[in-house]
Amino acid sequence: MIAMVVVSLVAIGITTVYFFKLQNDEYHLKRIQRKEKTVNLSLAYFLSNLQPEEVNDFISRDFDLKVHEIAEVNSLNIYIFNTKGEELISTDPADSVFRNKHIDPFLIHKMSSSNDSVYVEKKENGYINSYSFVKNKMGENMVIINIPYDPLKYKSKTEVSSFLKRLLEVFLILFIGALIIAYFLSRYITKSIEEVRKKIEGVQINEANEKLIWKKKDEIGVLVSAYNNMIDKLEISKKKLAQNERQSAWREMAKQIAHEIKNPLTPMKLSVQHLSRVLKVEKEEENQLKEFEGKMIQQIDLLSEIADEFSNFAELPKAKMKSLDICNIIEKTIGLYNHHNHISIVFKNKGVSLVNGDENQLTRVFNNLLKNSIQAIGKKGTINIEVDTKNDITSITINDDGEGVPDDIKDKIFEPKFTTKSSGKGLGLPMVAQIISNHNGNILLVQKETRGACFKISLPAH
């Protein structure tokens with residue numbers, strides 16, 4: 001702001017001086033032209049009835065006095081030359097820079113070529129010389145008058161120094177005002193930026209960060225808005241990081257559990273089977289031994305199944321991506337559950353829906369979701385499946401009329417180990433979410449007004 005005031009002052013000052021100089025130059029040029037015309041008319045009055053050859057005889061003391069009177073009245077020095085350029089009369093009492101005993105023939109030619117028989121010569125030092133012919137009433141050239149003019153001897157038409165002084169006073173007031181405004185404005189901006197700086201320095205990844213409140217829509221508001229957006233993105237990143245850390249921890253733990261469980265299971269199963277063969281018991285006790293063997297093998301198989309589930313969650317195989325018809329995969333999966341006569345599965349297909357994915361992994365997704373819906377329905381109910389592709393997104397909706405998901409656990413159903421089933425491992429939906437994420441899609445539990453649960457899967461269309 002201050003720099004703008006100073007630059008404006010300098011620019012206006014230079015422009016003003018230049019403009020006033022042009023005005024003064026024009027003023028002095030017109031002034032000497034007016035005086036030249038006055039002197040010319042005065043001398044033409046005396047020479048109007050003469051012939052050119054009578055001029056030298058006419059020059060007398062009386063005429064010389066008349067010329068001096070005209071020069072004194074107009075505050076000028078006047079030089080009179082004959083038409084050959086020889087000096088006849090001079091009102092300059094002493095030699096001056098203007099004094100010239102002869103006129104250059106070139107100047108005489110210039111006057112003769114001019115329409116008004118006048119030639120004005122401008123010197124580099126600012127002096128002005130006016131040359132013109134005095135004519136008689138017949139229009140014949142009688143004499144040449146030369147009027148020298150020094151603009152420095154006359155007061156300028158406009159007082160540049162006075163104007164610049166007033167201008168400087170105005171700009172001085174503006175400069176002081178700009179300093180005061182700049183001071184308070186800088187304090188205001190600095191204070192606001194300092195608050196933002198402190199907030200940015202206080203940002204912690206593992207802690208809750210407060211947003212800034214700024215109601216004005218100015219430059220600081222833009223900065224505050226960017227800071228608040230950064231905080232929002234940081235919170236999202238923190239949640240994703242925490243989720244990834246939990247998933248990584250669960251995968252590592254699941255891998256270790258699966259390994260530790262599987263190691264003793266096979267020897268245990270073989271030992272139980274071997275025990276039933278080597279023990280010799282009474283016939284009455286044989287049935288009890290077989291019952292014991294069956295229970296032990298059932299529990300060992302259950303532990304083996306749990307270990308397999310943990311192993312599958314810990315190490316999902318790398319997806320073998322190719323173009324697939326998602327409707328075809330869903331139809332094949334539905335075919336696995338046709339034996340449930342009490343469950344009606346309705347599939348609405350709006351045409352071929354191609355996606356880029358792994359057939360085995362997507363089959364596991366729909367298999368898991370259908371099994372969950374059947375378990376949630378219980379005795380009798382309906383599962384509706386619908387596929388639709390719009391704007392390069394394929395949406396699969398699986399809607400059942402079972403028990404539904406309670407509101408207090410909706411945010412936890414995709415977390416590992418979380419389950420509401422007494423026999424569940426809590427790994428089915430987390431595995432589904434992981435597979436869908438690996439396919440660049442997402443899965444959501446949609447809010448329903450009626451009974452049941454609704455899952456919506458979105459995948460990029462191929």
Checking the conditions here, which among VAL224, VAL203, VAL196 is at pLDDT below 70 and either surrounded by 12 or more Cβ atoms within 10 Å (Cβ to Cβ) or on the phi < 0 side of the Ramachandran plot (or both)? VAL203
Does the stretch 429-450 contain at least one residue that is surrounded by 17 or more Cβ atoms within 10 Å (Cβ to Cβ), more than 44 Å from the chain's Cα centre (by Cα) and modelled with pLDDT under 90? no
Assess whether ILE103 counts as being in the same structural domain as ARG31 (by TED's automatic domain parsing) and within 17 Å of TYR45 (Cα to Cα). no
Going through the stretch 432-448 one residue at a time, which ones are outside any strand (DSSP E or B) and closer than 17 Å to ILE409 by Cα? ALA433, VAL446, GLN447, LYS448
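Each row is one residue, and each column tells you yes or no for (1) surrounded by 16 or more Cβ atoms within 10 Å (Cβ to Cβ); (2) hydroxyl-bearing (Ser, Thr, Tyr); (3) in a helix (DSSP H, G or I).
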position	(1), (2), (3)
SER8	no, yes, yes
GLY13	yes, no, yes
PHE20	yes, no, yes
GLN23	no, no, yes
LYS30	no, no, yes
ARG34	no, no, yes
ASN40	yes, no, yes
LEU50	yes, no, no
GLU53	no, no, yes
Of all the residues that make up the stretch 219-242, how many are closer than 19 Å to ASN442 by Cα and β-branched (Val, Ile, Thr)? 1
Condition met for LEU212 (surrounded by 12 or more Cβ atoms within 10 Å (Cβ to Cβ) and either at pLDDT 75 or above or not in a helix (DSSP H, G or I) (or both)): yes
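The values are calculated or read from the model by the stated rules, or taken from the named source; none is laboratory data. What you see is a predicted model; the values in this text were computed from it and never measured. Please note: Cβ atoms are built from the backbone with ideal geometry, for glycine as well, and neighbour counts cover all protein chains shown.
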